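Reviewing the structure listed below.
The values are calculated or read from the model by the stated rules, or taken from the named source; none is laboratory data. In this text the structure is predicted, and so the values were computed from the model without any measurement. Here the Cβ positions follow ideal geometry from the backbone for every residue, glycine too, while neighbour counts run over all protein chains shown. Please note that ligands, DNA and RNA were not included when accessible areas were found on the heavy atoms of the full protein model with its side chains. Shrake-Rupley method; radii C 1.70, N 1.55, O 1.52, S 1.80 Å.
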Amino acid sequence: MSVAVDTQKQRPVSEHASIRTMYERTRKLGIPTVFDRHAAQQPQCTFGQQGVCCQLCSHGPCRIIPGERGAKAGICGADADTIVARNLLRLAIHGAAAYSHHLEAVCDTLRAAAAGKAAFPIAGVEKLRQVADALGVEVPDPAPTTASAPPPAPAPATAPGGRAAAGPGGVSVLANAVTAAVMEDLARPAHQPSRLVEAWAPASRLEVWRRLGVVPGGLYSEIRDALTKSMTSIDTDPVDLLLTAVRLGIATGFSGLIGTITLQDALLGTPSPVRTTADLGILDPATVNIVAHGHVPLMGTAVVQASNDPTLLEEARAAGATGIHVYGSMCTGQELIQRSAGSAAGIRGQLGNWITQEFMVSTGVVDLVMLDMNCTIPGLVEAASRFDTRLVSVDPVVHVPGVREAVDYRADQAAEQARQLIRMAIEAFRKRQQHQRERGTEYTFVPSQKSEALVGFSMEAIRSGQVQGIVAVVGCTNTRNGHDSTAVPLVRELIRRDILVLNAGCVSSAVQIAGLMRPEAAVEAGPRLRGLCQALGIPPCLNFGSCVDIGRIAVAVAGIAQALGVDPGQLPVAASAPEYLEQKAVADGIFAASLGLLTHLGPVPPVTGSPLVTEILTDKLADLLGGRFLVELDPVKAAEAMAAHIQTKRQALGMA
């Protein structure tokens with residue numbers, strides 16, 4: 001079989017054999033995919049790539065054109081620096097808003113669980129205590145009513161506990177008090193510092209942020225003010241717009257990331273290291289196949305639990321299936337597989353990241369895809385229409401042309417909603433069986449590739465060891481870089497240099513499928529890292545979960561800094577989003593740089609139309625925050641740069 005090639009750059013369209021095989025199938029069947037649409041878009045608009053296009057008002061759209069005869073400013077007088085900084089801030093606002101939506105959904109579910117109306121009980125009472133301590137919530141110490149993960153290490157700078165044990169009902173009181181406090185903090189005025197930020201941020205970072213005036217208030221207030229500033233002719237100072245983005249990034253990090261993962265652990269249990277499988281080859285044509293796709297694992301958890309119901313299993317067998325399988329896709333999948341020893345017991349594995357979605361459906365054996373928040377592409381409808389796959393929105397913010405079915409998640413109705421979704425999938429399975437009998441064996445095709453992975457690491461699971469440093473390789477994938485074609489080689493280069501890699505987001509799927517989350521992958525690491533991994537039985541790339549679990553990595557970094565008595569910016573640590581895609585990644589990157597970390601990016605962000613903004617982000621930011629952005633598209637050169645940065649930090653700390 002010929003290798004599927006990106007005709008623009010003459011390289012394989014994907015790092016993964018399964019996707020290359022499936023791309024040949026979609027081309028044969030005449031199903032357009034993300035790779036085809038990427039090629040059709042070439043050449044792309046250089047004004048947009050440089051960030052110098054503005055369409056905020058009816059004067060425009062305006063764009064800056066370099067050269068003596070070019071337009072130096074928009075009609076209102078805004079120059080390239082203002083337009084670029086304002087556009088970057090607007091991207092970060094979108095990301096912050098999406099994270100707040102996720103956090104509020106978790107709070108709603110915690111309240112329902114406290115009332116005994118959720119599909120699952122509260123599994124991690126100690127995490128509730130952690131947030132209560134951080135926010136100074138005075139409630140009785142609950143007596144645990146359900147099994148939970150081992151008590152976690154406290155997050156940085158939490159207040160001491162020490163309250164007396166409570167009688168029955170203590171867990172409900174605690175859950176309601178904590179969610180009320182978190183919601184209050186989200187709406188805190190911008191001039192009143194966020195209690196979550198002040199409680200969880202390292203003291204050294206707070207000092208830096210106070211000096212710059214970027215300690216944020218509540219996330220909702222920061223979103224409001226940033227939106228207001230980025231309107232037409234309100235805030236046109238590029239430096240202030242960038243500082244506003246920093247405020248927003250910090251608020252997002254401690255509320256939308258760390259706040260969300262902490263409450264999600266309280267609800268669903270803290271992840272623990274477990275073995276799983278990944279790639280399209282795990283799909284079973286003989287079973288009813290449901291995919292949990294998106295970023296919020298709440299409905300997915302309910303469906304995984306319902307898939308073990310004897311009544312539903314009997315209904316599936318009556319339809320001719322051997323069972324009911326639920327698979328993960330994108331970040332929802334990462335959240336589920338890392339809790340497969342607890343609240344998501346029964347999840348079958350991870351199919352891939354967002355670029356995988358059209359190809360998983362094009363196998364013909366996926367009966368239903370649950371679409372929760374984030375990264376459902378409109379092109380998925382075309383692929384699903386060729387088979388019997390039902391696409392069902394399970395979040396009220398998700399609306400896709402051609403998707404007519406919705407079962408919007410309600411915390412107090414999720415148990416019955418899960419049963420409804422499974423029955424919809426069983427009906428789709430019946431149709432699939434009928435069409436396969438009519439059309440023959442070519443109607444479905446599952447590639448053979450699959451890989452084992454060890455996933456579910458967290459601050460509670462990390463052990464210390466001798467490595468040169470740590471790089472968090474996180475975020476998305478995209479067609480400009482090639483599907484995982486930068487991330488996987490970068491990870492290989494880093495571990496070869498004895499650098500431990502932490503993964504979260506779509507990159508996690510890439511690394512799992514590449515086989516680098518198996519303990520056996522230690523043979524690809526340098527001698528020090530290899531020895532550590534073999535001694536502990538861990539892989540050289542540790543899975544931390546979904547995009548929101550970048551907050552988990554931030555907690556780990558802050559915890560290490562606290563243990564060593566240094567600022568996070570002094571650690572031999574870096575962050576990398578080698579194939580970042582969308583707005584949440586922009587907010588994540590700003591948060592990482594705000595923590596003082598060197599933050600590598602690819603592809604080139606839309607800021608190069610402004611020399612001032614480019615210089616601030618890649619150079620001057622280090623003087624203000626300690627962190628800065630590194631833009632390097634070559635994975636080997638990027639690894640070299642981060643390794644050199646790590647070595648500099650080691651020398652400054654007196655490490656051998």
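Of all the criteria given as (1) open to solvent by less than 30 Å² (accessible area, probe 1.4 Å); (2) assigned to a helix (DSSP H, G or I), the one not satisfied by Arg528 is (1).
All conditions in (1) open to solvent by less than 10 Å² (accessible area, probe 1.4 Å); (2) part of a helix (DSSP H, G or I); (3) closer than 22 Å to Val215 by Cβ hold for Met642, with the sole exception of (3).
Residues are listed down the side, and each one gets a yes or a no for (1) of a type in the set (A, V, I, L, M, F, W, C); (2) out of contact with any Gly (no Cβ under 7 Å at 6 or more places or on another chain):
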site: Arg20; (1), (2): no, yes
site: Lys28; (1), (2): no, yes
site: Gln50; (1), (2): no, no
site: Ile65; (1), (2): yes, yes
site: Ala78; (1), (2): yes, yes
site: Asn87; (1), (2): no, no
site: Ile93; (1), (2): yes, yes
site: Ala98; (1), (2): yes, yes
site: Thr109; (1), (2): no, yes
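Within the range 576-589, being among the hydrophobic types (A, V, I, L, M, F, W, C) and open to solvent by 10 Å² or more (accessible area, probe 1.4 Å) holds for Ala577, Leu581, Ala585, Val586. Would you check if there is a residue in the range 112-121 being open to solvent by 20 Å² or more (accessible area, probe 1.4 Å) and not in a loop (DSSP other than H, G, I, E, B)? Within the range 112-121, not a single residue is open to solvent by 20 Å² or more (accessible area, probe 1.4 Å) and not in a loop (DSSP other than H, G, I, E, B).
Is it the case that Thr228 is farther than 19 Å from Gln583 by Cβ, of a type in the set (Ser, Thr, Tyr) and either free of Cβ contacts under 8 Å to residues at least 60 places away in the same chain or open to solvent by less than 10 Å² (accessible area, probe 1.4 Å) (or both)? No, not satisfied.
Rundown of residues vs (1) crowded, with 24+ Cβ neighbours inside 10 Å; (2) in a strand (DSSP E or B); (3) among the aliphatic types (A, V, I, L, M); (4) touching an Asp or Glu at 6+ places or on another chain (Cβ under 7 Å), yes/no style:
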site	(1), (2), (3), (4)
Gln433	no, no, no, no
Thr477	yes, no, no, yes
Leu490	yes, no, yes, no
Leu502	yes, yes, yes, no
Ser509	yes, no, no, no
Gln512	yes, no, no, no
Glu520	no, no, no, no
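Give me a count of the residues in the range 449-470 that are out of contact with any Leu (no Cβ under 7 Å at 6 or more places or on another chain), open to solvent by 60 Å² or more (accessible area, probe 1.4 Å) and modelled with pLDDT of 55 or more. Total meeting the criteria: 2. When the range 75-93 is examined, which residues are found to be within 13 Å of Ser610 (Cβ to Cβ) and either surrounded by fewer than 20 Cβ atoms within 10 Å (Cβ to Cβ) or in contact with a strand residue (DSSP E or B) (Cβ under 7 Å, 6 or more places away or on another chain) (or both)? Residues satisfying the conditions are Ala78, Asp79, Ile83.
Among the residues of the range 334-353, the ones that are under 14 Å from Leu268 (Cα atoms), small (Gly, Ala, Ser) and in contact with a strand residue (DSSP E or B) (Cβ under 6 Å, 6 or more places away or on another chain) come to 2 in all. One residue stands out in the range 308-359 among those that are surrounded by 22 or more Cβ atoms within 10 Å (Cβ to Cβ) and among the basic types (Lys, Arg): the one that is nearest to Arg552 (Cα to Cα), namely Arg339. Every listed requirement among (1) on the phi < 0 side of the Ramachandran plot; (2) touching a Lys or Arg at 6+ places or on another chain (Cβ under 8 Å) is met by Ala574 save one, (2). Do we find a residue being open to solvent by less than 20 Å² (accessible area, probe 1.4 Å), modelled with pLDDT of 95 or more, in a helix (DSSP H, G or I) and closer than 23 Å to Gly281 by Cβ anywhere in the range 372-382? Scanning the range 372-382, I find at least one residue that is open to solvent by less than 20 Å² (accessible area, probe 1.4 Å), modelled with pLDDT of 95 or more, in a helix (DSSP H, G or I) and closer than 23 Å to Gly281 by Cβ, so the answer is yes. Restricting to the range 393-426, and then to whatever is within 24 Å of Ser362 (Cβ to Cβ) and without any contact (Cβ under 8 Å) to a residue 12 or more places away in the chain, can you tell me which residue is least open to solvent (accessible area, probe 1.4 Å)? The qualifying residue least open to solvent (accessible area, probe 1.4 Å) is His399. Applying the condition of being among the β-branched types (Val, Ile, Thr) and over 19 Å from Val397 (Cα atoms) to the range 86-126 and asking which residue is modelled with the lowest pLDDT yields Val125.
Would you mind stating whether Thr179 is on the phi < 0 side of the Ramachandran plot, at pLDDT below 95 and either surrounded by 19 or more Cβ atoms within 10 Å (Cβ to Cβ) or touching a Gly at 6+ places or on another chain (Cβ under 7 Å) (or both)?
Working: on the phi < 0 side of the Ramachandran plot: yes; at pLDDT below 95: no; either surrounded by 19 or more Cβ atoms within 10 Å (Cβ to Cβ) or touching a Gly at 6+ places or on another chain (Cβ under 7 Å) (or both): yes.
Spelling it out, it is not the case that Thr179 is on the phi < 0 side of the Ramachandran plot, at pLDDT below 95 and either surrounded by 19 or more Cβ atoms within 10 Å (Cβ to Cβ) or touching a Gly at 6+ places or on another chain (Cβ under 7 Å) (or both).
Please give the number of the condition Cys45 fails out of (1) modelled with pLDDT under 95; (2) surrounded by fewer than 18 Cβ atoms within 10 Å (Cβ to Cβ); (3) more than 30 Å from Thr356 (Cβ to Cβ). Cys45 satisfies every listed condition except (3).
Yes or no, residue by residue, for (1) under 23 Å from Asp79 (Cα atoms); (2) surrounded by fewer than 24 Cβ atoms within 10 Å (Cβ to Cβ):
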position: Pro238; (1), (2): yes, yes
position: Ala251; (1), (2): no, no
position: Ser255; (1), (2): no, no
position: Leu263; (1), (2): no, no
position: Ala266; (1), (2): no, no
position: Ser272; (1), (2): no, yes
position: Ala278; (1), (2): no, no
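Note on the range 291-313: residues that are assigned to a helix (DSSP H, G or I), of a type in the set (S, T, N, Q) and over 25 Å from Cys506 (Cβ atoms) amount to 2. So which residues in the range 531-565 are touching a residue at least 24 places away in the same chain (Cβ under 8 Å), surrounded by fewer than 24 Cβ atoms within 10 Å (Cβ to Cβ) and within 28 Å of Ala17 (Cα to Cα), if there are any at all? Matches in the range 531-565: Ile538 only.
Out of all the residues in the range 284-303, which are open to solvent by less than 10 Å² (accessible area, probe 1.4 Å), within 25 Å of Ser18 (Cα to Cα) and of a type in the set (A, V, I, L, M)? Of everything in the range 284-303, those that are open to solvent by less than 10 Å² (accessible area, probe 1.4 Å), within 25 Å of Ser18 (Cα to Cα) and of a type in the set (A, V, I, L, M) turn out to be Val288, Ile290, Val291, Ala292. Where residues in the range 182-213 are over 12 Å from Ser255 (Cβ atoms) and of a type in the set (A, V, I, L, M), which of them is surrounded by the most Cβ atoms within 10 Å (Cβ to Cβ)? That would be Val208.
What about Arg437, is it assigned to a helix (DSSP H, G or I), over 17 Å from Asn353 (Cα atoms) and modelled with pLDDT under 95?
Values: assigned to a helix (DSSP H, G or I): yes; over 17 Å from Asn353 (Cα atoms): yes; modelled with pLDDT under 95: yes.
It is true that Arg437 is assigned to a helix (DSSP H, G or I), over 17 Å from Asn353 (Cα atoms) and modelled with pLDDT under 95.
Within the range 411-431, track down each residue that is assigned to a loop (DSSP other than H, G, I, E, B) and touching a helix residue (DSSP H, G or I) at 6+ places or on another chain (Cβ under 7 Å). Steps first, answer last, please.
Filtering the range 411-431 down to residues assigned to a loop (DSSP other than H, G, I, E, B) leaves 411-413.
Of everything in the range 411-431, those that are assigned to a loop (DSSP other than H, G, I, E, B) and touching a helix residue (DSSP H, G or I) at 6+ places or on another chain (Cβ under 7 Å) turn out to be Ala411, Asp412.
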